[in-house]
Amino acid sequence: MYRAHFGFNEPPFGITPDTSFFFAFTRYQEALNTLLVAVRTGEGFIKITGEVGTGKTLLCRKFMASLGGGFVTAYIPNPYLEPRTLLLAVAEDLNIAIDATMDQHHLLRTLTLGLLNYARQGKRVVLCLDEVQAMPLETLEALRLLTNLETEKRKLLQIVLFGQPELDERLNQESIRQLKQRISFHYRLGELGRGELESYVNHRLAIAGYIGDKLFTQGAIRQLYRASGGVPRLVNILAHKALLLTYGQGGKLVEAQHVRAAVADTPAARSLGWRGFMSGLLGRR
């Protein structure tokens with residue numbers, strides 16, 4: 001649409017998680033380092049939380065891509081599963097052959113044998129689950145039982161939980177207190193800072209193939225930060241719309257007015273931006 005106009009090889013602000021656009025700002029890099037250290041030391045449970053749009057899924061994919069050949073990974077994007085269905089999904093993602101008519105006992109036994117086979121090959125198995133705040137309590141408890149599977153040396157399965165902050169509330173429930181006790185590493189993702197947001201925008205433009213002068217004015221960057229609160233997904237949505245508006249007017253420079261128009265078309269950004277703006281005013285008093 002506007003790729004040729006600005007000289008992009010691909011759209012720079014898509015909202016589909018794409019690891020080629022991964023931006024290692026402070027919190028992202030710290031979270032990635034935490035994950036890599038945790039799995040390489042053999043921890044059973046790791047937890048990453050963050051608000052909607054802060055990049056948990058992108059971090060998950062970057063993490064899995066960074067593990068290397070000594071690991072086998074499974075990814076479950078839809079956690080709203082009963083325990084048995086979760087076991088079937090994990091087995092399928094790990095290429096462990098299982099008869100779907102098995103009862104849960106035999107299903108778990110077959111899964112254990114499959115995990116042991118990976119261990120004999122010198123492979124570590126990591127299961128990543130997204131949006132875990134929506135997982136039923138009985139399924140969370142089944143996850144805890146999965147981490148009981150181990151050899152004399154190490155766990156057969158390591159589990160990384162990705163979820164919104166509501167996940168912490170769920171883990172505080174008495175019925176799954178044992179699961180909370182087993183989480184040895186955790187990290188909370190945050191939003192981009194003002195300086196990080198400008199670097200983030202320029203990074204994505206460069207990955208998309210842009211080689212010209214600065215495309216977003218300082219006024220546009222200020223508006224982006226105010227309206228998005230530094231949430232990467234909202235930054236992407238607003239930047240994309242601002243580029244569309246600039247292209248539609250035949251311009252070559254994204255200005256504050258283009259971002260303001262994008263904000264007017266994005267209710268979530270308007271409300272978040274107003275909160276951020278008011279916080280800024282109160283903070284200067």
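Summary table below
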| quantity | calculated |
| --- | --- |
| Condition met for LEU67 (buried (at least 16 other Cβ atoms within 10 Å of the Cβ), at pLDDT 90 or above, closer than 30 Å to LYS214 by Cβ and not aromatic (Phe, Trp, Tyr)) | no |
| Answer residue from region 148-171, given it is at pLDDT below 90 and polar (S, T, N, Q) and is nearest to PRO136 (Cα to Cα) among those | ASN148 |
| Cross-chain or 6+ apart pairs with Cβ under 7 Å, region 97-112 first and assigned by TED's automatic domain parsing to the domain that holds GLU82, then of a type in the set (Gly, Ala, Ser) and part of a helix (DSSP H, G or I) | ILE98/ALA91; LEU111/ALA91 |
| Verdict on ILE183 being under 28 Å from PRO165 (Cα atoms), of a type in the set (A, V, I, L, M) and either assigned by TED's automatic domain parsing to the domain that holds LEU35 or without any contact (Cβ under 8 Å) to a residue 12 or more places away in the chain (or both) | yes |
| Filtered residue count, region 186-225, keeping only those that are assigned to a helix (DSSP H, G or I), touching a helix residue (DSSP H, G or I) at 6+ places or on another chain (Cβ under 8 Å) and of a type in the set (A, V, I, L, M, F, W, C) | 6 |
| Every pair of residues 6+ apart whose Cβ atoms lie under 6 Å, when the first sits in region 1-25 and is surrounded by 14 or more Cβ atoms within 10 Å (Cβ to Cβ) while the second is in a loop (DSSP other than H, G, I, E, B) and among the hydrophobic types (A, V, I, L, M, F, W, C) | PHE8/ALA208; PRO12/ALA208 |
| Failed item, numbered, when LEU32 is tested on (1) touching a Gly at 6+ places or on another chain (Cβ under 8 Å); (2) touching a residue at least 24 places away in the same chain (Cβ under 8 Å) | (1) |
| Enumeration of residues in region 132-163 that are more than 20 Å from LEU94 (Cα to Cα) and either surrounded by fewer than 19 Cβ atoms within 10 Å (Cβ to Cβ) or among the β-branched types (Val, Ile, Thr) (or both) | GLN133, ALA134, PRO136, LEU137, GLU138, GLU141, GLU152, LYS153 |
| Residue list for region 151-180, filter: free of Cβ contacts under 8 Å to residues at least 60 places away in the same chain, of a type outside the set (A, V, I, L, M) and either assigned to a helix (DSSP H, G or I) or outside the structural domain of ASN33 (by TED's automatic domain parsing) (or both) | GLU166, GLU169, ARG170, GLU174, SER175, ARG177, GLN178, LYS180 |
| Filter result for LEU140 (of a type in the set (A, V, I, L, M) and not in a helix (DSSP H, G or I)) | no |
| The listed residue being among the small types (Gly, Ala, Ser), over 30 Å from HIS258 (Cα atoms) and in contact with a Lys or Arg (Cβ under 8 Å, 6 or more places away or on another chain), out of GLY114, GLY190, GLY163 | GLY163 |
| Residues satisfying the stated conditions in region 136-150, i.e. out of contact with any strand residue (DSSP E or B) (no Cβ under 8 Å at 6 or more places or on another chain) and among the hydroxyl-bearing types (Ser, Thr, Tyr) | THR139 |
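The values are calculated or read from the model by the stated rules, or taken from the named source; none is laboratory data. None of these values were measured; they are calculated from a predicted model. Note that we place each Cβ from the backbone using ideal geometry, even for glycine, and neighbour counts take in every protein chain shown.
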